[in-house]
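Following: one structure in structure tokens, then a few remarks.
The values are calculated or read from the model by the stated rules, or taken from the named source; none is laboratory data. All figures in this text were calculated on a predicted structure; none of them were measured in a lab. Positions of Cβ are backbone-derived with ideal geometry, glycine not excepted, and every protein chain shown enters the neighbour counts. Heads up: the accessible areas ignore ligands, DNA and RNA and are worked out on the full protein's heavy atoms, side chains in. Shrake-Rupley method; radii C 1.70, N 1.55, O 1.52, S 1.80 Å.
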Amino acid sequence: MLRVALVAVVSLAQAATAQVVAVTGASVISMDGDGVLASHTVIVRDGVIAAVGPDEFIAVPEGAAVVDGSGLFVIPGLGDMHVHFNSPHDALLNVANGVTVVRNMWGMPMHVQLREQGRVMPDAWTGDSESWPVPTIVTAGALIDGEPAIWDGSASVGNAEDAAAEVRAQAEAGFDFIKTYSNLSAEAYGAIVEAADEAGIPFGGHVPQRVGVEAAYSAGQWSNEHLTEYLAGAQRDDSPWRVAVEAGERMNYYERMIKQREGLDRDRLAELGRLSRSRKVWEVPTLIVTKRTFASPTTKAELLKWDWMKYISAGMRGFWNPANDFRLRDVPAETLEAVEAWFVTELEMAGILYDAGAELVVGTDAPNPFVFPGFSVHEELELFVEAGLSPYRALRAATVQPSRMLGQKGEFGRVAPGHRGDLVLLRANPLEDILNTREIEGVVLRGRFFDRDDLNGMLEAAAAFAAEN
């Protein structure tokens, strides 16, 4: 068979202009199973995987940019199914970490432009549209909440008519899905369900407190972010929270959380997990955001020393400052210490839901406090393994599962012919240790190869952007 001399490193300029990229001699983890295909070649032509097979059976096309994959493990590009894509450096941090597709949870018209453009950041964000590689993006519009809305800038709706009108407007504006939020009334939520069905657009997000998991899932909610309202739906009859509700006791968010944690009925939670499976709901636990947002002041003081902080702008650091976070302001330190234990419960809940058959998918909620764009995808993978998933199943939750969730099975998420040319080249086997997803030697994004030097350049540019903003 035709072979060409292997090239150890392909320059960015070469790969950017090449129509064909060939990764040769690699160990391929195709995600069609939990095995490793040794000494394989992957051909990417015009942004699509054209061939995968043993080296001796795959001819490397003349003129291809050849990447020596000897000693490397090739996996599909990773997905983050819950991000807030706010700045150009988010794109750099994601691509540098092997994240090739993101689901944006609070969008603006610019995100629709970015999705349609599909290659580079809009000039309005960067002033230089040719220099910023961007993951493939799927985006919601503004989150739809009730009155009062929890977050400023939300689409706040107080009745069914306004809720339906907002869904129609977002569908007409070209957003991919509707994001629901916690304070929606049952009436407004019902109108969203009906209007979304008429518009042919999925709706997902938070399960509203006044709706609950069972009603939301029966209505066809597409996804549940952060396992919202699972605790309320899985309480013992004698739980402290139920007792307090029946007594008419007023509780703030944290008191409610602590009492619900004490009253968790694990058997009931498993029942809800089976309901999730039967109703085809996608669970996006975002374990890392819970671990970080509600970390104690002592933990956050340590996080401020992390090297990753150099990628966080002064403006974002201000948002991360607990003194500026309305969710944490005026909360006693002892309460925060108690709430930090909530993460342990959520980790257990994710494992119970997974064992019950619920479909889990990786999402981070970056850039919430101390959740780092790109980097925290690997932290979430580690937490999935802590929750009880095997490394293969965790990796599947960041590759195959996002493609299924987005209705794009067969388009990305596997190293297979016909799939998008999104690959990550690793120096070690992630099936042996999920931490090895961090050992990135190169990334192929829609057929464009970036070597380790290129990725380091992206990180340097992201750090520079953060320093200037």
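Tell me, which residue of the stretch 107-147 that is assigned to a loop (DSSP other than H, G, I, E, B) and closer than 30 Å to Val211 by Cβ is modelled with the lowest pLDDT?
Met108
In the stretch 369-408, how many residues are more than 21 Å from Glu439 (Cβ to Cβ), polar (S, T, N, Q) and open to solvent by 20 Å² or more (accessible area, probe 1.4 Å)?
1
Filter the stretch 215-241 down to the residues that are closer than 25 Å to Ile258 by Cβ and in a strand (DSSP E or B), then identify the one that is nearest to the chain's Cα centre (by Cα).
Glu225
Of everything in the stretch 168-205, what is within 25 Å of Val361 (Cα to Cα) and among the hydrophobic types (A, V, I, L, M, F, W, C)? Give them in sequence order.
Ala171, Phe175, Phe177, Ile178, Leu184, Ile192, Val193, Ala196, Ile201, Phe203 - these are the residues of the stretch 168-205 that are within 25 Å of Val361 (Cα to Cα) and among the hydrophobic types (A, V, I, L, M, F, W, C).
What number goes with the only condition from (1) open to solvent by 10 Å² or more (accessible area, probe 1.4 Å); (2) closer than 22 Å to Asn94 by Cα that Ala165 does not pass?
All conditions pass for Ala165, except number (2).
Pick from Leu431, Leu435: which is surrounded by fewer than 20 Cβ atoms within 10 Å (Cβ to Cβ), under 18 Å from the mean Cα position of the chain (by Cα) and modelled with pLDDT of 95 or more?
Only one candidate qualifies: Leu435.
Select the helices (runs of 4 or more DSSP H) contained entirely in the stretch 245-326, then report the ones holding at least 2 residues which are touching a strand residue (DSSP E or B) at 6+ places or on another chain (Cβ under 8 Å).
Correct list: 266-278.
Somewhere in the stretch 299-309, is a residue exposed (fewer than 15 other Cβ atoms within 10 Å of the Cβ) and farther than 30 Å from Val95 by Cα?
Looking through the stretch 299-309, none of the residues is exposed (fewer than 15 other Cβ atoms within 10 Å of the Cβ) and farther than 30 Å from Val95 by Cα.
Do the conditions hold for Arg266, that is, is it within 21 Å of Val385 (Cβ to Cβ), open to solvent by less than 20 Å² (accessible area, probe 1.4 Å) and basic (Lys, Arg)?
no
What is the residue count in the stretch 169-187 for residues that are touching a helix residue (DSSP H, G or I) at 6+ places or on another chain (Cβ under 9 Å), among the hydroxyl-bearing types (Ser, Thr, Tyr) and either part of a loop (DSSP other than H, G, I, E, B) or modelled with pLDDT under 95 (or both)?
Result for the stretch 169-187: 1.
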